[in-house]
Amino acid sequence: MDKFFYPESMAVIGISIGRITLGNIILMNNVNLGYRGRLYGVGKEAGELQGVPVFTSVDELPETPDVAIIITPAKTVPGFLRDCARKGVRHVVIESGGFSEFSTAHSTLEDEVRAIIAEHGIRLVGPNCVGAANKEINMMMAFGFFKNEGPPSGVAAITQSGGIGNTLIRIVSDNNIHFGKFISIGNKLDLDESDFIEYFLRDEKTDMILMYLEGFKRGRFFFELAMRSDKPFVVLKSNRSELSAKIAQSHTTAISASDDVVDAAFAQAAVTRVEGEDELTVAAKAFQLPVMRGRRVAVLSRSGGHAVITADACAKYEFDMVQFPASYIENLKTIYTTRVIAHQNPLDLGEIFDYTIFIKILEETLKLDGIDGIIFNHLFQSGYESESSRTFLTAVKDLVAQYKKPVAVSIMTNAEELLDINKNHPFPVFASPLQAAAALSMSLAYHERKTARDARGTAPSFPVDAAAIEAIRVRAVGEKRIPLTDEAHAVCAAGGIASPALRRIADENGARGIDLRFPVVLKLLSRDASHKSDVGGVRLGIESADALAAAVSEMRSAVSGAPTPVAIDGFLAQEMAPRGEEFFVGARRDPVFGPIVVAGYGGIFIELFRDRAIRVAPLTASEARDMVRSLKTYPLITGLRGRAALDEDAFVELICRVSNLVTRVESIAEIDLNPVILHERGKGLSVVDARVFFA
């Protein structure tokens, strides 16, 4: 991978001596930036372009370049790729478009390219990309003109779109963030985002990774890399539509849309997700500051009105604006004297015009053990405070480095001045108090999620009778049907998930000899009815064997007379569970991240309330408990308004058992336990109904 970022020589295929082409721009850009390696061009005519020799074929190159960049019409790419293979080139960037991103008919070109690189052991970036950049050696493969501004930073970027990549380079440069390394991956025919994440995680010169992604090639591997990363990931993930067009066949699928799974996976792995380029820039600035490690914020403001706005922003992000200690107030009185404004949080500094006092107050505030971060509102007139403001920001930078606490400075001045500070001062600043508060919130969320992630422990392992589950799968597949309810409960039992006692019965006579405790519930067994209540296939509170037999007869008649025919595969009698609160647990195989677990408030209104938490399996007990405690209905579990607390521990164990089951048994596509009735603390739970779908 080093060759893509530290090539000692590059050849650009697609050069024209007589006119400007994108390939020409790549060569000229590297010449102008001062790329330290050797450059060659390949085109229809031999000659020279800004001192770079141009040859008419790859074979004529005086050496085998470390990297070849192909930017010619798509149909010509396989031929040039074969030329590179013959020359011994093993690192190629295809910047040409017109492959599968253009239409599915063009995927045959990609198949041809894929075959060539497999045969010759070539590593490929693209097609449909703008390649790599490394500011350390002034190397830029993108076909755009860029200025050589600022020193390289520890920020690396991965983008799926070349156009957005170009935009990001310019946007972050305007905010004095200069990518150390950059890669545009395009169609990801060979190397994908995870390959470059692995590289950047190993790279000692990278300390933050920014990404624009439209989809994941290896979502599970991406998640695993994020789970073990000590470097912040900031991801702008677009393409929020469903990744799977399959109609939801269970509640689990219906309420765990693909983008919700992305959100959950990111939160679980401490990945910061942003909504646009502006928010990505705010995040990049936030992670240039020390990490926010708590919710206690001090607000220092040169404007009383902005102090009030900042207090509202802190409330929005649930920060705690703590009272300043008396010793701090007394210390302030020795630094400056105020006639009007009270010493409180937020602290109004409107009467002060001495910048040395600002610096002293800021340092005293940073010294406070009870403060985790500071928002400083700097309102100033550029006409006579411009130089003082830059000196002040340099002092802030030094204090932040000394005390290792974040100070988010929001600048209120004219647009030209703000732009100049953003672009040229090395300390990150923000355009408003709300933006500053948002930055601290991103930092805090990262800290909290990373702390929870790193303390997650290991996933518990429970015995699973895989043979019993396989026998059920084979029977259902052989009969071309979904597993029936009793079979779904048997799958659960094979994973150590117990249900209230149940018996399968064929008819009224079987009902009269049943060995269950009454009352019982009667359920229809049907390959056609996943949701039994929708077809009148559930009867509750049956008190005797005779009543059960009568209910079987009535249910058979009702189902047989339904407008849409429903197969009757039998009936299921099950002991009624004690009263409690209805929740649910489910799992499915996400097409991107693999097995996921969903849990939340259940019953017949599960899809209406959509109160659920999602995690990527396998889960540890701490992750399962975090799921439970993140629910809006969690107060029902702790005991709301004098009601008895419910068995949270049993709920956590059930989530872990479902996670274990779906992780270990790959043939299970979906499992849906709803309702799960939670009983009082110490009395467990009852898995009342279950559905299972095999892959």
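Only the coordinates and a few stated rules stand behind these numbers; no lab work does. The shown structure was predicted, so the numbers you read here are calculated from the model rather than taken from an experiment. Neighbour counts run over all protein chains shown; Cβ positions are idealised from the backbone, glycine included.
Some notes on this structure:
- Linear extension gain, Gln344 paired with Asp230, 0.36 nm per residue minus alpha-carbon span: 37.3 nm
- Each of [x] 49, 37, 23; [y] 55, 41, 17; [z] 44, 31, 26 is a candidate for semi-axes √(5λ) of the Cα gyration tensor in Å; the one calculated from this structure is [y].
- Region 466-575: C-alpha gyration tensor shape, a/c 1.5 cut-off, then a/b vs b/c: oblate
- Helix 77-87 axis, angle to the chain major axis (alpha carbon atoms, nearest 10°): 70
- Amide H contacts of Asp190: Gly126, each under 5 Å away and 5 or more positions distant or on a separate chain (H built 1.01 Å from N in the peptide plane; Pro and chain starts excluded).
- Restricting the GluC sites (Glu not before Pro) of region 1-78 to loop positions (DSSP other than H, G, I, E, B) with no more than 15 neighbouring Cβ atoms within 10 Å leaves Glu8, Glu45, Glu63.
- Extending 7 Å from the Cα toward the beta-carbon at both Ser388 and Glu607 defines two label points whose distance is 6.4 nm.
- Taking the Cα centre of the chain as reference, the dipole from Cβ charges on Lys and Arg (+1) and Asp and Glu (-1) amounts to some 560 debye.
- By the helix-only formula, in which each DSSP H run with n ≥ 4 contributes -39500 (n - 2.57) and the sum is divided by residues, the chain has a 222 nm mean residue ellipticity of -11500 deg cm²/dmol.
- Vicinal HN-Hα couplings computed from phi for region 167-173 (Karplus, 6.51 cos²θ - 1.76 cosθ + 1.60; Hz; Gly/Pro x): 4, 5, 4, 6, 5, 5, 5
- With Cα atoms, 0 to 90° folded angle of helix 545-560 axis to the chain main axis: 60
- Loop-located trypsin sites (Lys or Arg not before Pro) in region 290-379 (DSSP state not H, G, I, E or B) with no more than 12 neighbouring Cβ atoms inside 10 Å: Arg339.
- Extension gain for the segment Thr56 to Glu508, taken as residue separation times 0.36 nm less the Cα-Cα distance, is 153.9 nm to one decimal.
- Nearest-0.05 FRET efficiency for Asp278 and Ile335, computed from C-beta distance (R0 41 Å): 0.65
- Protection proxy ranking, highest mean first, for peptides 439-449, 113-123: 439-449, 113-123, where packing is the per-residue count of other beta-carbon atoms within 10 Å, averaged.
- For the cross-link pairs Lys87/Lys237; Lys316/Lys683; Lys231/Lys397, the ones whose C-alpha atoms lie over 28 Å apart are Lys87/Lys237; Lys316/Lys683.
- Computed E for Arg38/Asp420 - FRET, C-beta separation, R0 41 angstrom, nearest 0.05: 0.60
- Phi-based couplings in Hz for region 496-508 (Karplus 6.51, -1.76, 1.60; Gly and Pro marked x): x, 10, 7, 10, x, 3, 9, 9, 8, 10, 8, 7, 5
- Chain lengthening between Glu448 and Ala467 when straightened (0.36 nm per residue, less Cα-Cα): 2.7 nm
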